[in-house]
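The values are calculated or read from the model by the stated rules, or taken from the named source; none is laboratory data. Quick caveat: nothing in here was measured; it's all calculated off a predicted structure. Because the Cβ atoms are built from the backbone with ideal geometry, glycine has one as well, and the counts that use them run over all protein chains shown.
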Amino acid sequence: MKKFMLVLMVSFAVLSAAEPAGAGTSGQDAAYDRVLVLDNFDDADLSAAPEWWIFDALESSFVKATESKHGKNYLKLSGKAKSYYVGGMGFYFGRDAAQYDALVVDVKGNGAGSGIIRIQLFDDDNNTYQLEQDREFKPLYDDLREYELVVDWTGWRTIEVPFSRFADINPGVGDDIWNPNTTGGSGGLLHVQLIFSAPGAVGGVDIGLDNLRLVRNKAN
């Protein structure tokens, strides 16, 4: 299946400040030492804080939440597949993420055929704060890490993916080391991107997202 990525859109995201767990976070985040909310979609706006890009056949809408842990709204994503692929969305981050060890997101499924999410993380290995890409939108100098999530359930689940479970899918490009820090002039974690596909060649995607965040687990 062909991979799609969007050319860099340089727009600094204004995100929730890093804060100890429990300070403005949901009760389920009490297990973490540190939580950084990337987006909870309560503002019903994809154009700011952070500024998302959406591409190809992926469609988005906001749905009023019925549970307090989902705040005011959650993001509904849908679209018809063409040879499995639907589309994607992402945002520019460009910050140090070394103090976190996992990505957490609430995902709402709508049955066995809800879809597949490929969560992609790009770190800056050539210290430019930019993601340079070739004509097929593949990184030229930076690492691309990916985790594939098959959404085949009904209702909400909180998904925690340790950074150690993200696979390096462009070996030989960048330094092949997960180092999302700003040491030595690096842009740290440059991009967060989500690619959506159907479980079959035809069909589509029907998924809800909320409370996308970076976390640091408490030491045992």
- prompt: Is there a residue being farther than 17 Å from Tyr147 by Cβ, buried (at least 21 other Cβ atoms within 10 Å of the Cβ) and not polar (S, T, N, Q) anywhere in the stretch 210-217?
  reply: yes
task: Inspect all residues belonging to the stretch 112-132 and state whether any of them is under 19 Å from Val205 (Cα atoms) and in contact with a Ser or Thr (Cβ under 7 Å, 6 or more places away or on another chain).
output: yes
- prompt: Applying the selection to the stretch 111-146, what residues are in contact with a helix residue (DSSP H, G or I) (Cβ under 8 Å, 6 or more places away or on another chain) and either within 22 Å of His70 (Cα to Cα) or without any contact (Cβ under 8 Å) to a residue 40 or more places away in the chain (or both)?
  reply: Arg145
message: Being among the aromatic types (Phe, Trp, Tyr), at pLDDT 95 or above and either surrounded by fewer than 21 Cβ atoms within 10 Å (Cβ to Cβ) or assigned to a strand (DSSP E or B) (or both): is that true of Phe91 here?
response: yes
- request: Show the residue pairs that are 6+ apart or on different chains and have beta-carbon atoms under 7 Å apart, the first residue being within the stretch 167-182 and more than 20 Å from Tyr129 (Cβ to Cβ), the second being part of a strand (DSSP E or B) and of a type in the set (Lys, Arg).
  value: Ala167/Arg145; Asp168/Arg145
Unmet criterion (only one of (1) surrounded by fewer than 16 Cβ atoms within 10 Å (Cβ to Cβ); (2) in a strand (DSSP E or B); (3) of a type in the set (D, E, K, R)) for Lys108: (1)
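Quick check: is even one residue across the stretch 156-171 closer than 22 Å to Gly203 by Cα, crowded, with 21+ Cβ neighbours inside 10 Å and modelled with pLDDT of 95 or more? First the steps, then the outcome.
Taking the stretch 156-171 as the starting set, the residues that turn out to be closer than 22 Å to Gly203 by Cα are 156.
Next cut, crowded, with 21+ Cβ neighbours inside 10 Å only: none.
For the stretch 156-171, residues closer than 22 Å to Gly203 by Cα, crowded, with 21+ Cβ neighbours inside 10 Å and modelled with pLDDT of 95 or more: absent.
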- request: Would you mind telling me which numbered condition in (1) in a strand (DSSP E or B); (2) under 19 Å from the mean Cα position of the chain (by Cα) Ala97 fails?
  value: (1)
task: Tell me, please, whether a residue that is surrounded by fewer than 20 Cβ atoms within 10 Å (Cβ to Cβ) and at pLDDT below 80 can be found in the stretch 27-49.
output: yes
statement: Of the residues in the stretch 55-88, those that are of a type in the set (Val, Ile, Thr) and crowded, with 21+ Cβ neighbours inside 10 Å come to Val86
message: Could you go through the stretch 63-82 and let me know if any residue there is over 16 Å from the mean Cα position of the chain (by Cα), part of a loop (DSSP other than H, G, I, E, B), of a type in the set (Lys, Arg) and modelled with pLDDT of 95 or more.
response: yes
